[in-house]
Amino acid sequence: MNRHVVVDHLSGAGCDRPDGAPRTGPSVRAERGQREVFCGLTGIIWLHRKIQDAFFLIVGSRTCAHLMQSAAGVMIFAEPRFATAVIDDRDLAGIADANEELDSCVERLLARRPDIRLLFLVGSCPSEVIKLDLARAAARLSGRFMPDVRVLAYSGSGIETTFTQGEDACLAALVPAMPQAPAQERSLLVVGALADVVEDQFARIFERLGIPARFLPPRKAGYLPAIGPGTRLLLAQPFLADTARALEDRGAVRLDAPFPLGVEGTTAWLQAAASEFGIDPALFEDVTGPMAARARASLARDRAKLEGKSIFFLPDSQLEVPIARFLSRELGMRLGEIGTPYLHRHHLADELALLPDDCAIVEGQNVDAQLDRVRAARPDITVCGLGLANPLEAEGLTTKWSIELVFTPIHGYDQAADLSGLFARPLVRRDRLKV
């Protein structure tokens, strides 16, 4: 029997909205029960493409290997930058020395793939169960293979992480390896894995504004940016709580801003950096104004399809709150429930301030209770994980896979219409199937 605990409280009570009107919410309800989410191992699917000379070695079971092969769509003749060191019955029974077997596996891997410069040992549920200390193993192996290969460890276990938290754990593991910047050096650090095309667009914008910007994660392991008291952080993703804390412990200062989704969010995100670095408002408008105008025009077609339609978010990616803000304010959608696995209130304060007072935010999940509310509301679109989409479609509900929101480039001005299109297409498909 599932235990179902609900706690009501207000987030941002007493704060004013950006237009000066008083506000009382939105309300946030914490819900606990059975969850329906992927584990943090799935973050490897996009991270292994981002850090081009890194390799992700999952220390787990055959189930972990099958999950990654299926989720990434890897063909048998491909050589991706991830693999699984399989924990078998001998390891679980304590017959074999798991550390010796891991060392041997790493030796064979590095001999076969001499291009690897950064090796992540990624923990899983099985490695947690047998209490395999991967942090100690990483330190031991780093001492052996440095300076050619740095070995780091983080957990992607479903016991400890959900879907996107794997990226947070990975980036947090990189922070101790980042060099120390001189105290007087001022720079901007954009934190969060972005598609290369999006990163390039932001880099050009910051260059035109005259802001010295670096990105974490880097595309090459040897290009880790320096960090110090003069570093200012802009989070590109809302699920990087541990990484932000680790960077702040190194002296960096986080800039408060909405996330760069849609025209409004991207402009406010860039403005936070521009204000911090004293950029002339006229220059900021000259650089961002034309891009914002083009992006607003590109949203018009999808707004005609989405305006007035209702949407319900089941928790999965932690992108739910900023995307709900975008859909509500820029496309005119009606927000039902916004479910999210975790809600970092400080990081999302600017997002919460832009949401309607009457929308309901649920942190955590009791999947049966939430499905009952979806069925009662019957929204035009339900955003959910892969495991729930087909059953809901069979009940006549239109769904959007939340995993697409992570795999698709959606940040920035040029991707605003791509983001809106992710929600317009399911409705177009539904209407065509009715004909």
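The figures follow:
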| item | result |
| --- | --- |
| Segment 296-435 - convex hull of alpha carbons, volume per residue in Å³ | 110 Å³ |
| For segment 73-218, with +1 on Lys and Arg beta carbons and -1 on Asp and Glu, the positive-most of Phe202, Leu174, Leu118 along the dipole | Phe202 |
| Relative contact order (percent, whole number), segment 316-435, Cα cutoff 8 Å, 6+ residue spacing | 21 percent |
| Within the chain, percent of DSSP bridges classed antiparallel, to nearest 5 | 15 percent |
| Alpha carbon centroid spacing (whole Å) that separates segment 343-372 from segment 26-75 | 23 Å |
| Dipole magnitude of the chain, debye to nearest 20 (Cβ charges: Lys/Arg +1, Asp/Glu -1, about Cα centre) | 640 debye |
| Linear extension gain, Ser104 paired with Glu185, 0.36 nm per residue minus alpha-carbon span | 24.9 nm |
| Debye equation applied to the C-alpha atoms of the chain, log10 I(q)/I(0) at 0.07, 0.12 Å⁻¹ | -0.36, -1.07 |
| Straight-distance crosslink candidates among lysines, where the alpha carbon sits under 16 Å from Lys220 and sequence neighbours closer than 8 are dropped | Lys50 |
| Farthest positive-ward along segment 284-420 dipole, Cα basis, beta-carbon charges - from Ala353, Gly385, Val374 | Val374 |
| Relative contact order of segment 185-235, pairs being alpha-carbon contacts under 8 Å that are 6 or more residues apart, as % | 57 percent |
| The chain, accessible area per residue, ligands and nucleic acids excluded (1.4 Å, Å²) | 43 Å² |
| Fraction of accessible area attributable to carbon and sulfur, the chain (%, probe 1.4 Å) | 52 percent |
| For segment 185-266, Kirkwood radius (reciprocal of mean inverse C-alpha pair distance, Å) | 13.1 Å |
| Anisotropy class of segment 261-359 from Cα gyration tensor, a/c 1.5 cut | oblate |
| Taking segment 376-435 and dividing mean pair separation by its residue count, relative contact order in percent (alpha carbons under 8 Å, at least six apart) | 31 percent |
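The values are calculated or read from the model by the stated rules, or taken from the named source; none is laboratory data. Remember, it's a predicted structure, so these values are computed and weren't measured experimentally. Neighbour counts are summed over all protein chains in view; Cβ atoms, including those assigned to glycine, are modelled from backbone coordinates with ideal geometry. All accessible areas refer to the heavy atoms of the entire protein, side chains included, with ligands and DNA or RNA removed. Shrake-Rupley method; radii C 1.70, N 1.55, O 1.52, S 1.80 Å.
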